[in-house]
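A.B. asks: Take a look at the following structure, please.
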Amino acid sequence: MKFDAPAGKNLFDNARIVGKSTRRIDGPLKVTGAAPYAYERHDVVPNQAYGWIVGAGIAKGRITAMDTSDAEAAPGVIAVLAAPKMQPVGSSNFNYAPLFGGSEVTHYHQAIACVVAETFEEARAAAAMIRTRYDRAEGNFDLEANKDAAPMSGEPKTRGDFDSAFASAPVTLDETYHTPGESHSMMEPHSTIASWQGDQLTLWTSNQMIDWAKNALASILGIEAANIRVDSPYLGGGFGGKLFVRADAVVAALAAKEAGRPVKIMLQRPLVANNTTHRQATIQRIRLGAQQDGKITAIAHENWSYNVPSGGSGETATAQTPVLYAGDNRYVAEYCAELDLPEGNAMRAPGEAPGHLALEVAIDELAEKLGMDPIALREVNEPGKTVPGQPQKEFSERNLVRCIKEGAQRFGWSARNAKPGLVRDGRYLVGMGMAAGFRGSPTMKSGARVKLAANGHITVETDMTDIGTGSYTIIAQTAAETMGVPLDHVTVELGDSLYPVSAGSGGQWGAASSTAGVYAACVALRRKIGEALGFDGDAATFADGNIVAGDATHALTDAGAMSAEDTIEFGKFQQDYSIGTYAAHFCEVAVDAYTGETHVRRMLSVCDSGRILNPLSARSQVIGAMVMSVGMALSEELAVDPRFGLFVNHDLAGYEVPVHADIQEQEVVFLDTLDPAVSPLKAKGVGELGICGPGAAIANAIYNATGIRVREYPLTLDKYLDRLPALV
Amino acid sequence: MKAFTYERAKSPAEAAAAVAGREGAKFIAGGTNLLDLMKLEIEAPTHLVDVQDLALDQIEETSDGGLRIGALVSNTALAAHPKVRKDYAVLTRAIVAGASGQLRNKATTAGNLLQRTRCPYFYDPNLPCNKRVPNSGCAAAEGFSRQLAVVGTSDKCIATYPGDMAIAMRVLDAVVETVTPDGKTRTIPMAEFHRLPGDKPWLDNTLGKGELIVSVRLPAPVGGQHFYQKVRDRRSYAFALVSVAAILNDDGTGRVAFGGVAHKPWRVEAAEALLPQGAGAVVAKAFEGASPTEHNKYKITLAERTLAGVIAEARS
Ligand SMILES: Cc1cc2nc3c(=O)[nH]c(=O)nc-3n(C[C@H](O)[C@H](O)[C@H](O)COP(=O)(O)OP(=O)(O)OC[C@H]3O[C@@H](n4cnc5c(N)ncnc54)[C@H](O)[C@@H]3O)c2cc1C
Ligand code: SF4
């Protein structure tokens, strides 16, 4: 199916199932522990051995010697893979840091060996017996120190004459914000079971993008993609960390070959931060110039980030800036330094998530300089119908101001004291903050196969993944709606490369794209049924297990068993639009006036994301993103030790993600909007929107509570303790 | 984890002798700290003597009106004990500020006292750490040290004792009671139980080889208002940046010990004598001679502010 023009009225406008809060159809499997996650798939292939990866003990240099003799002689050991004795594996479009093989070490905890043994414990114990010597090389690990040498990535996005507009603006701001590196820290570390049958390789793994994984593995391992099967029906989270194939999959495949039997590997938690990818740190300079009435005349946003010398972009924190506010004169530029830290790559809302931590605080600071309410300032600078500077490019659907107003009213924003530091509740300083949020809503080609069984049961097969997001359920809802059957007559099979290629889960494109693909396949099936029974499948009404076509009524079961496959392809017309999602985020914090500890008391996000396919799971997505925002704002930081070139706090005791007990009241509201430009379902993603802005709202609330502005995340108490009110 | 052998001891003396008589032997109680360290081979005992069958899980009143807490009493049971809650509230508050419910169910009184540091470099076998590998160097001294100690440090180690319970026990003047491998008993005041790192940071405490903790004795209750305030980056669940255990009397006098600042619970009697003069005076004295790093010097300010909050609460 080609999606070549904005959707007109269609069956989803009278939906009975799509758009209704629906419990996860895979929920019972998950809460009973029966959902098969990669490492626990004991039944897929017999005789599985255990692999344990050894990570490099230096960040840069060469392995000069590796003694594996003790490990080889250890009890239960089947095989030892030593990187220096093996050819480096190939690379792919999706990885830059080398994954295995050779003596070169380019980042800390790079996989340098793997022990395969009969048991997990034997593999781990033997791995510790490997002795490695290195020739350590000097490296660059410090973004601040390498910032000025960083080349610009691409061209700056300019408009008008920023310099003169800024110089002549009556009110200006020029501030620099730092955001740290972050680790995805998903519950389930990367894991894979690999098995060879002849030249056929099967990987039961945990991956967000099945087709990318298959093709990447082909190029990394130098084998035919057609000989690879990747299966990943359940993931314990990914957040972008499993968009690409990592060492677990590559080494499991090599180890299984070497051992001559299936091998399973899960990355041990202390390896995740440095062995895999992370969100890179940023240094962001923002300059704003405004008139007294608040109208922004000049915006400059420059961002410095980094990646490995072999490629990849920085954390592109300026992504939202060209779109969010009006303003005639602009300068937006990205710089990317080469550092010898581990590879940086996508983490939930790459770019925008840290970008908002700077831009949305700058706007708050500007509002204060202007003596304006930050809400009023945002309203004044709301662009018209088109993207600032691109009069041809319309916003397909944009309701940011509605989000802000609705949120302000629900949150009780009018009770906020604009003067900071004045609201006291016992030992706490209390404040409110808000931020706007934007995240693009890309779409990707997505396919599915839909099968009708003789008894009327529908089965959907697609390589789409459910990374905890609720894909199973929205796909079932889409198929049930389109085929006119109750939800429990639909089975959804995901994550297997034997199924049609889908959009996968990433970039907030999964929900919109994959449901459109399932719709396309259902439409194809309806046509096929129509051909079999003699009616026009497009004109007929499928409902309640029946088909009404003209005067005739058929039972769905009249068609007998059949199946159809199709792929939705999104047309170029989408490029004429700016298709985005918008939100307003509000937060109330209480800061302990003695200790500086911040308690997040209340959070609210009002989201504008088109049709919400399943409000229940969409809400969970936004809630989760808000929780992650609390971490970004308050505690999460990959601490770099520039002497050794590693992230030091590489376990979950040192890298502190918020837990349930840290979260008090959270509320999510979805505006009732539709975006016909995005897909036939008029639905956009929400999973990343929810992390674009709440962190800035927290920072702004801390400022409102204390009168202290900290521009270096995370906002830990050591950064402002000495600026808190004096003790009495 | 290295392979090891395992036995369950039947009596304290037998347990002590079993560990003393064997190179590389160690006790195991709840296992919540030791097993984690064994997985990383930071600890690599060749033999474990499990003490869980020793009947050391009772809390009894002593003749002088105090309490004797068996070494195997779980953190949960100790915190919930009615007399502890009533007369030693600082202890209950300290325990429940630590770890999680699940861990406290498993963690024992003795094991808790002996938990090892949380210095991030201690946990990474690739990096130099004198505590993990004697005389290999200290990566933290010029590294990422915002969690580490500010006082009582040495150029060999700036790690903290990370626990909470012991800070309260220090303020309560608890006494550790042990059995030595020759079957004799010994008592060690909490003040002398944990060591400063000095030039042997690999030694956390003053226990001898094979010396088994059998109980911890609390002297008779001292009254006063009891506080345990723990400050952390993640409010729900994290090791202390700074903690304050305090018992404050109506006349402004009292006792105070600090956690998260030193290689042992940090109580300076001459400093707490200044409590009537306020937090500033106490902290100035208690942290006299402190040698913080650029990363962790905030801890001294934090200690003062936290104590000030406690004093304000006591007065209100
Ligand atoms: C995720 C996590 C978070 C935590 N957070 C906190 C926190 O916030 N605050 C806090 O205070 N603690 C915290 N802890 C530490 C926890 O309190 C300790 O792990 C626990 O108290 C150890 O008790 P255990 O009985 O399990 O000791 P084990 O692990 O069994 O033993 C610890 C040590 O004590 C020795 N030992 C045990 N019994 C005896 C005995 N009778 N005589 C002599 N030696 C003995 C063992 O040989 C070993 O060296 C945390 C732990 C974890 C894993
Ligand atoms: S501070 Fe102590 S524990 Fe930490 S690295 Fe130095 S010696 Fe090791």
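The values are calculated or read from the model by the stated rules, or taken from the named source; none is laboratory data. Keep in mind it's a predicted model, so treat the numbers as computed, not measured. Positions of Cβ are backbone-derived with ideal geometry, glycine not excepted, and every protein chain shown enters the neighbour counts. Accessible surface areas use protein heavy atoms only, side chains included; no ligands, DNA or RNA. Shrake-Rupley method; radii C 1.70, N 1.55, O 1.52, S 1.80 Å.
A.B. asks: Here are A:PHE586, A:PHE535: which of them is surrounded by 24 or more Cβ atoms within 10 Å (Cβ to Cβ) and more than 14 Å from chain B (Cβ to nearest Cβ)? Break it down stepwise before answering.
C.D. replies: Values: A:PHE535 fails: surrounded by 24 or more Cβ atoms within 10 Å (Cβ to Cβ).
Testing whether each residue is surrounded by 24 or more Cβ atoms within 10 Å (Cβ to Cβ) and more than 14 Å from chain B (Cβ to nearest Cβ) leaves just A:PHE586.
A.B. asks: Of all residues in the range B:141-151, count the ones that are more than 16 Å from ligand 1 (Cβ to nearest atom), open to solvent by 10 Å² or more (accessible area, probe 1.4 Å) and out of contact with any Asp or Glu (no Cβ under 6 Å at 6 or more places or on another chain).
C.D. replies: Total satisfying the criteria: 3.
A.B. asks: Exactly one of (1) in contact with a strand residue (DSSP E or B) (Cβ under 7 Å, 6 or more places away or on another chain); (2) among the aliphatic types (A, V, I, L, M); (3) more than 12 Å from every other protein chain (Cβ to nearest Cβ) is unmet by B:VAL310. Its number?
C.D. replies: B:VAL310 satisfies every listed condition except (3).
A.B. asks: Being under 9 Å from B:ILE167 (Cα atoms) and open to solvent by 30 Å² or more (accessible area, probe 1.4 Å) is the filter; apply it to the range B:229-266 and report the residue that is farthest from the other protein chains (Cβ to nearest Cβ).
C.D. replies: Here the residue is B:LYS264.
A.B. asks: For B:CYS138, only one of the following conditions fails: (1) within 15 Å of ligand 2 (Cβ to nearest atom); (2) farther than 30 Å from B:ALA286 by Cα; (3) surrounded by 24 or more Cβ atoms within 10 Å (Cβ to Cβ). What is its number?
C.D. replies: Unmet condition: (2).
A.B. asks: If you check A:PRO342 against the conditions, is it within 20 Å of the chain's Cα centre (by Cα), part of a helix (DSSP H, G or I), over 21 Å from A:PHE395 (Cβ atoms) and in contact (Cβ under 8 Å) with a residue 60 or more places away in the chain?
C.D. replies: no
A.B. asks: Among the residues of the range B:106-131, write down those that are open to solvent by less than 20 Å² (accessible area, probe 1.4 Å) and either in contact (Cβ under 8 Å) with a residue 60 or more places away in the chain or assigned to a loop (DSSP other than H, G, I, E, B) (or both).
C.D. replies: B:ALA107, B:THR108, B:THR109, B:ALA110, B:LEU113, B:THR117, B:CYS119, B:PHE122, B:ASP124, B:LEU127, B:ASN130, B:LYS131
A.B. asks: Still on this structure, please answer the following. In the range B:1-17, what residues are in a helix (DSSP H, G or I), within 18 Å of B:LEU34 (Cβ to Cβ) and out of contact with any Gly (no Cβ under 8 Å at 6 or more places or on another chain)?
C.D. replies: B:ALA15
A.B. asks: Restricting attention to the range A:115-154, and to residues there that are assigned to a loop (DSSP other than H, G, I, E, B) and within 14 Å of chain B (Cβ to nearest Cβ), which single residue is surrounded by the fewest Cβ atoms within 10 Å (Cβ to Cβ)? Working first, answer last.
C.D. replies: Pass one, the range A:115-154, residues assigned to a loop (DSSP other than H, G, I, E, B): A:118-119, A:128-130, A:137-142, A:147-151, A:153-154.
Applying the additional criterion that residues be within 14 Å of chain B (Cβ to nearest Cβ) yields A:118-119, A:128-130, A:141-142.
On the way: A:GLU118: 14, A:THR119: 12, A:ALA128: 20, A:MET129: 19, A:ILE130: 21, A:PHE141: 22, A:ASP142: 17.
Here the residue is A:THR119.
A.B. asks: If you don't mind, there's one more thing I want to ask. Considering B:GLU192, B:GLU211, which residue is within 11 Å of ligand 1 (Cβ to nearest atom), away from chain A (no Cβ under 14 Å) and not small (Gly, Ala, Ser)?
C.D. replies: Details: B:GLU192 fails: within 11 Å of ligand 1 (Cβ to nearest atom).
It is B:GLU211.
A.B. asks: In the range B:152-161, what count of residues is obtained for those that are buried (at least 24 other Cβ atoms within 10 Å of the Cβ) and either within 16 Å of ligand 1 (Cβ to nearest atom) or assigned to a loop (DSSP other than H, G, I, E, B) (or both)? Lay out the reasoning, then the answer.
C.D. replies: First, pick out the residues of the range B:152-161 that are buried (at least 24 other Cβ atoms within 10 Å of the Cβ): B:153, B:157-161.
Next cut, either within 16 Å of ligand 1 (Cβ to nearest atom) or assigned to a loop (DSSP other than H, G, I, E, B) (or both) only: B:153, B:158-161.
Number satisfying all stated conditions: 5.
A.B. asks: For the range A:1-27, how many residues meet the condition of being open to solvent by less than 80 Å² (accessible area, probe 1.4 Å) and not in a loop (DSSP other than H, G, I, E, B)?
C.D. replies: So the count comes out to 5.
A.B. asks: On to the next question. Scanning for something out of contact with any strand residue (DSSP E or B) (no Cβ under 9 Å at 6 or more places or on another chain), in a loop (DSSP other than H, G, I, E, B) and surrounded by 19 or more Cβ atoms within 10 Å (Cβ to Cβ), does the range A:564-582 turn up at least one residue? Give the derivation first.
C.D. replies: Looking only at the range A:564-582, we keep the residues that are out of contact with any strand residue (DSSP E or B) (no Cβ under 9 Å at 6 or more places or on another chain), and these are A:572.
If we keep only those that are in a loop (DSSP other than H, G, I, E, B) too, we end up with none.
No, the range A:564-582 contains no residue that is out of contact with any strand residue (DSSP E or B) (no Cβ under 9 Å at 6 or more places or on another chain), in a loop (DSSP other than H, G, I, E, B) and surrounded by 19 or more Cβ atoms within 10 Å (Cβ to Cβ).
A.B. asks: Follow-up question, since we're still on this one. Kindly indicate whether A:ALA97 is under 17 Å from B:ASN126 (Cα atoms) and either of a type outside the set (D, E, K, R) or in a loop (DSSP other than H, G, I, E, B) (or both).
C.D. replies: So A:ALA97 fails the test.
A.B. asks: Looking at B:LYS230, B:LYS200, B:LYS184, which is the one that is within 16 Å of ligand 2 (Cβ to nearest atom), modelled with pLDDT of 95 or more and on the phi < 0 side of the Ramachandran plot?
C.D. replies: Details: B:LYS230 fails: within 16 Å of ligand 2 (Cβ to nearest atom); B:LYS184 fails: within 16 Å of ligand 2 (Cβ to nearest atom).
Answer to the selection: B:LYS200.
A.B. asks: Now for a separate question. I'd like the full set of residues that are among the aliphatic types (A, V, I, L, M), surrounded by fewer than 24 Cβ atoms within 10 Å (Cβ to Cβ) and at the interface with another protein chain (Cβ under 8 Å from one of its Cβ atoms), limited to the range A:612-639.
C.D. replies: A:ALA639
A.B. asks: Output the number of the condition that B:LEU148 fails; it satisfies all remaining conditions of (1) closer than 22 Å to B:LEU196 by Cβ; (2) within 8 Å of ligand 2 (Cβ to nearest atom); (3) of a type outside the set (Val, Ile, Thr); (4) over 16 Å from the mean Cα position of the chain (by Cα).
C.D. replies: (4)
A.B. asks: Any idea which of (1) surrounded by 18 or more Cβ atoms within 10 Å (Cβ to Cβ); (2) within 20 Å of A:HIS42 (Cα to Cα) is the one A:ALA169 doesn't satisfy?
C.D. replies: Against the list (1) surrounded by 18 or more Cβ atoms within 10 Å (Cβ to Cβ); (2) within 20 Å of A:HIS42 (Cα to Cα), A:ALA169 comes up short only on (2).
A.B. asks: Taking only the range A:155-167 into account, find how many residues are assigned to a loop (DSSP other than H, G, I, E, B) and over 14 Å from A:HIS301 (Cβ atoms). Full working, then the answer.
C.D. replies: In the first step, residues of the range A:155-167 are kept if they are assigned to a loop (DSSP other than H, G, I, E, B); the result is A:155-156, A:160-161.
Retained after the next criterion (residues that are over 14 Å from A:HIS301 (Cβ atoms)): A:155, A:160-161.
Qualifying residue count for the region: 3.
A.B. asks: Shifting gears a bit: I'd like the residue in the range B:206-216 that is of a type outside the set (A, V, I, L, M, F, W, C) and surrounded by 18 or more Cβ atoms within 10 Å (Cβ to Cβ) and, out of all such residues, is farthest from ligand 2 (Cβ to nearest atom).
C.D. replies: At the first step, the residues of the range B:206-216 found to be of a type outside the set (A, V, I, L, M, F, W, C) are B:206, B:208-211, B:215.
From the residues that got through so far, the ones that are surrounded by 18 or more Cβ atoms within 10 Å (Cβ to Cβ) too are B:210-211, B:215.
Details: B:GLY210: 24, B:GLU211: 23, B:SER215: 29 Å.
Ranking the qualifying residues of the range B:206-216, first place goes to B:SER215.
A.B. asks: For the range B:27-45, which residues satisfy the criterion of being within 12 Å of chain A (Cβ to nearest Cβ), within 16 Å of ligand 2 (Cβ to nearest atom) and in a helix (DSSP H, G or I)?
C.D. replies: Within the range B:27-45, just B:ASP36 meets the criteria.
A.B. asks: What tally of residues in the range A:640-653 results from selecting those that are open to solvent by less than 30 Å² (accessible area, probe 1.4 Å) and touching a helix residue (DSSP H, G or I) at 6+ places or on another chain (Cβ under 9 Å)? I'd like the intermediate steps shown before the answer.
C.D. replies: Start the filter on the range A:640-653 by keeping residues that are open to solvent by less than 30 Å² (accessible area, probe 1.4 Å), which leaves A:641, A:645-650.
Adding the requirement that they be touching a helix residue (DSSP H, G or I) at 6+ places or on another chain (Cβ under 9 Å) leaves A:641, A:646-650.
Here the count works out to 6.
A.B. asks: Within the range B:214-227, how many residues turn out to be within 11 Å of ligand 1 (Cβ to nearest atom) and out of contact with any Pro (no Cβ under 9 Å at 6 or more places or on another chain)?
C.D. replies: Of the range B:214-227, the ones within 11 Å of ligand 1 (Cβ to nearest atom) are B:214-216.
This time we only want the ones that are out of contact with any Pro (no Cβ under 9 Å at 6 or more places or on another chain), so: B:215-216.
Residues meeting the conditions: 2.
A.B. asks: Which of (1) away from ligand 2 (no atom under 16 Å from the Cβ); (2) in contact (Cβ under 8 Å) with a residue 24 or more places away in the chain; (3) of a type outside the set (S, T, N, Q) does B:VAL96 not meet, given it meets every other one?
C.D. replies: So B:VAL96 meets the others, but not (2).
A.B. asks: Of the residues A:ALA74, A:ALA128, A:ALA123, A:ALA34, which single one is in contact (Cβ under 8 Å) with a residue 60 or more places away in the chain and small (Gly, Ala, Ser)?
C.D. replies: Working: A:ALA74 fails: in contact (Cβ under 8 Å) with a residue 60 or more places away in the chain; A:ALA128 fails: in contact (Cβ under 8 Å) with a residue 60 or more places away in the chain; A:ALA34 fails: in contact (Cβ under 8 Å) with a residue 60 or more places away in the chain.
When all the criteria are applied, what remains is A:ALA123.
A.B. asks: While we're on this one: State yes or no: is A:LEU674 under 30 Å from A:GLY571 (Cα atoms), open to solvent by 20 Å² or more (accessible area, probe 1.4 Å) and either in contact (Cβ under 8 Å) with a residue 40 or more places away in the chain or in a loop (DSSP other than H, G, I, E, B) (or both)?
C.D. replies: Details: under 30 Å from A:GLY571 (Cα atoms): yes; open to solvent by 20 Å² or more (accessible area, probe 1.4 Å): yes; either in contact (Cβ under 8 Å) with a residue 40 or more places away in the chain or in a loop (DSSP other than H, G, I, E, B) (or both): yes.
So A:LEU674 fits the description; yes.
A.B. asks: While we're on this one: Given the criteria within 12 Å of ligand 1 (Cβ to nearest atom), within 23 Å of B:ASP233 (Cα to Cα) and either out of contact with any strand residue (DSSP E or B) (no Cβ under 7 Å at 6 or more places or on another chain) or open to solvent by 30 Å² or more (accessible area, probe 1.4 Å) (or both), does B:LEU103 qualify?
C.D. replies: Working: within 12 Å of ligand 1 (Cβ to nearest atom): yes; within 23 Å of B:ASP233 (Cα to Cα): yes; either out of contact with any strand residue (DSSP E or B) (no Cβ under 7 Å at 6 or more places or on another chain) or open to solvent by 30 Å² or more (accessible area, probe 1.4 Å) (or both): yes.
Criteria met by B:LEU103.
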